[in-house]
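The structure is given below, and queries will be raised subsequently.
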Amino acid sequence: MQRNAGFLKRFLFARSTSVLLVLILIVIFFAVFSPEHRFVDPDNLRVLLSLGAEFSIIALGVGMLMICGEFDLSIGSILVFCSFVFLKLFELHLPLFLTAVVTVAVGGVLGLVNALITVRGGIPSFITTLGTMMFWRGFTILLSGGEQTACNVSALGTPAASYFLSFFNGQIGGILPAQFFWFALFAVVLGVLLHYHRFGNWVYATGDNRDAARAMGINTDWVKTLCFVIVGALCGFVACAQIGRLACFTSRTGDGWELKAVAASVVGGTSLRGGMGNMLGIFLGATTISVIENGLVVLRIPYFWTYVFFGLVILFSVLSSMYIERKQREMHR
Amino acid sequence: METGNDFLVRMVGIHKWFGRVYALRGVDFEVRRGETVGLIGDNGAGKSTLIKILSGYHQADQGDIYFEGQKVKIRSPRDARNLGIETVYQEQALAPNLSISRNIFMGREPVRRLGIMDKKVMDEESMKALANLGLRLRSPDLPVVTLSGGERQGVAIARALHFKAKLVILDEPTVALSVKEVEEVLEFVRQLQREKVSVVFITHNLYHAFDIAERFVVMARGLKMADVKKEDTSPQGLSELVLKSAFVAV
């Protein structure tokens, strides 16, 4: 193959391109087939961008964690525990932003717990976080009695409350939901970290060949720990945004997100074995998952179809990305 | 025997247990400045354990290490690297999906402000380091997985050279390579010799070792069985030494 395979060819065979094409196809499909084209209605787009972004923010962290070779199945449970912490602090009338900071910190600590068990105990993170997934969910249900509890920030009516709500749930320029802004911002920050910062090189090296990374003096345990903590802190952040939006605490929140996040990363071209993937792909993958979930609702297709579609999209993405990978190697030869 | 400081590294009375396995039973091992030592012996002889102690992967249970005449403690691969000891492991040297330049600077990335990598410097220096070794590759952005086995060893050795290693440990660098690639790798080692870098060359293949080493250390069952200069032996002689030492009762 030629040295400089044409731009078009390179564009077509870049991983993120295939994800983008899938996303565009799905969007067109929903736009055309939803009754009265309701999918592209501004109200629906706003719902999509705010609701979907909550899940997607966490998926960004999960994707990065997967690149360094670990999983986190406990994100939904960290989220619900953080929400509960927020509720309790709120009921104690702590200053709102202090409450938010503590909630994010608690998320980070729960991520740290996952990391320490995994790294110190030498336990596969799949197992570690399966355990903490059940533990934190169960613990939260136990403490909360499994009930929905009102947690209405806007009812406070203080200036702090309105700052808080516009920070997490406002609309930028009256259009763009704040959650989506945060999603995009986190994607950029994590993207720079992953692709341009030396830490990113350590993340890839750790996931790609841990022994080589260690031999080159990279503290792979520390790299993994930081990735786990980032995921946990993102869960804490989303807990704040979600409570602000829903004005209540529910112990079901985040249920099933763990596999959706893995799916988002895989759709975005992240390898399950680590060492491969990129932030743009993860961003698009997470968006794709949110779009499917929203689109099926708008199509008025019974919710039960959702997972059938997820399954198809995941299988299609994995097959196509394997094909692209092979083509890329041929191109390099 | 020489004394004093023409030794780059001296390991004295090294003992190592793994649980109930007595892997090293009081081994002395030294490498002079600019010298290439062939470390040979059968599987399970203790070669890798000895070398992993030197490169910071394991710690000796007993015994001392002197580097450039100073007693040192090597507690991690990072410690070893800081001393100037680079290890090129067969399968463990490179991250296959990362680019050549990212591999060469792995763990020692040149950065601009705020830890952002200086990709330009990384790319230029990578190509320079490879060219130094006589290796011309198309682009520093190629993932290592697309290279041939010989080229991969070249990338790892170029990395050692670039960071001014004083001692390069090559752990079975010619396993699973074609004849042409083996010759390529041996040529890389000769380049290390020209740059006065000390080399420890671990191998099963006595002929590859004989080609380039000046001295041979034969190990068996955790003991050093022989230490001979090249001029005092031959590939056949070495082969007999390895065989004999494997069957000697301890």
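The values are calculated or read from the model by the stated rules, or taken from the named source; none is laboratory data. On a predicted model such as this, the values are computed, not experimentally measured, just so you know. FYI the Cβ positions are ideal-geometry reconstructions off the backbone, even for glycines, and counts take in every protein chain you see.
Hey, any hits in segment A:242-252 for a residue that's within 30 Å of A:Gly145 (Cβ to Cβ) and in contact with a strand residue (DSSP E or B) (Cβ under 6 Å, 6 or more places away or on another chain)?
Checking segment A:242-252: at least one residue is within 30 Å of A:Gly145 (Cβ to Cβ) and in contact with a strand residue (DSSP E or B) (Cβ under 6 Å, 6 or more places away or on another chain).
Within 16 Å of B:Gly222 (Cβ to Cβ), of a type outside the set (Lys, Arg) and surrounded by fewer than 16 Cβ atoms within 10 Å (Cβ to Cβ) - does that describe any residue in segment B:45-57?
No, every residue in segment B:45-57 fails to be within 16 Å of B:Gly222 (Cβ to Cβ), of a type outside the set (Lys, Arg) and surrounded by fewer than 16 Cβ atoms within 10 Å (Cβ to Cβ).
Every residue in segment A:93-152 that is part of a loop (DSSP other than H, G, I, E, B) and in contact (Cβ under 8 Å) with a residue 60 or more places away in the chain, please.
Result: A:Pro95, A:Gly146, A:Glu147, A:Gln148, A:Cys151, A:Asn152.
Same structure again: Testing B:Gly38 on (1) more than 20 Å from B:Arg215 (Cβ to Cβ); (2) modelled with pLDDT of 90 or more; (3) touching a strand residue (DSSP E or B) at 6+ places or on another chain (Cβ under 7 Å); (4) not aromatic (Phe, Trp, Tyr), one condition comes back false. Which one is that?
(1)
Being more than 7 Å from chain A (Cβ to nearest Cβ) and surrounded by fewer than 22 Cβ atoms within 10 Å (Cβ to Cβ) is the filter here; which residues of segment B:100-117 pass it?
B:Arg108, B:Pro110, B:Arg112, B:Arg113, B:Leu114
Please list, ordered by first then second residue, the pairs with beta carbon atoms under 8 Å, 6 or more apart or interchain, first in segment A:294-309 and on the phi > 0 side of the Ramachandran plot, second not hydroxyl-bearing (Ser, Thr, Tyr).
Sorted first by the residue in segment A:294-309, then by its partner, the pairs are A:Arg300/A:Pro35.
Which of the residues belonging to segment B:138-169 are in a loop (DSSP other than H, G, I, E, B) and buried (at least 19 other Cβ atoms within 10 Å of the Cβ)?
Once the filter is applied, which keeps residues that are in a loop (DSSP other than H, G, I, E, B) and buried (at least 19 other Cβ atoms within 10 Å of the Cβ), segment B:138-169 yields B:Pro140, B:Leu147, B:Ala165, B:Lys166.
In the list A:Gly207, A:Gly232, which residue meets the criterion of being of a type outside the set (S, T, N, Q) and more than 14 Å from chain B (Cβ to nearest Cβ)?
Sole residue among the options that is of a type outside the set (S, T, N, Q) and more than 14 Å from chain B (Cβ to nearest Cβ): A:Gly232.
Another question, if that's okay. Of B:Ala23, B:Ala45, B:Ala60, B:Ala95, which residue is part of a loop (DSSP other than H, G, I, E, B), closer than 27 Å to B:Leu238 by Cα and in contact (Cβ under 8 Å) with a residue 12 or more places away in the chain?
After applying the criteria, what remains is B:Ala45.
Can you tell me which residue among B:Glu184, B:Glu125 is over 30 Å from B:Gly44 (Cβ atoms), away from chain A (no Cβ under 14 Å) and surrounded by 15 or more Cβ atoms within 10 Å (Cβ to Cβ)?
Only one candidate qualifies: B:Glu125.
With respect to B:Val179, determine if the residue is over 21 Å from the mean Cα position of the chain (by Cα) and free of Cβ contacts under 8 Å to residues at least 12 places away in the same chain.
For B:Val179, the condition - over 21 Å from the mean Cα position of the chain (by Cα) and free of Cβ contacts under 8 Å to residues at least 12 places away in the same chain - is not met.
Provide a single number: the residues in segment A:298-333 that are touching a Phe, Trp or Tyr at 6+ places or on another chain (Cβ under 8 Å) and crowded, with 20+ Cβ neighbours inside 10 Å.
1
If you don't mind, there's one more thing I want to ask. Scan segment B:146-181 for residues that are charged (D, E, K, R), within 14 Å of another protein chain (Cβ to nearest Cβ) and more than 30 Å from A:Lys327 (Cβ to Cβ) and jot them down.
Passing the criteria: only B:Asp171.
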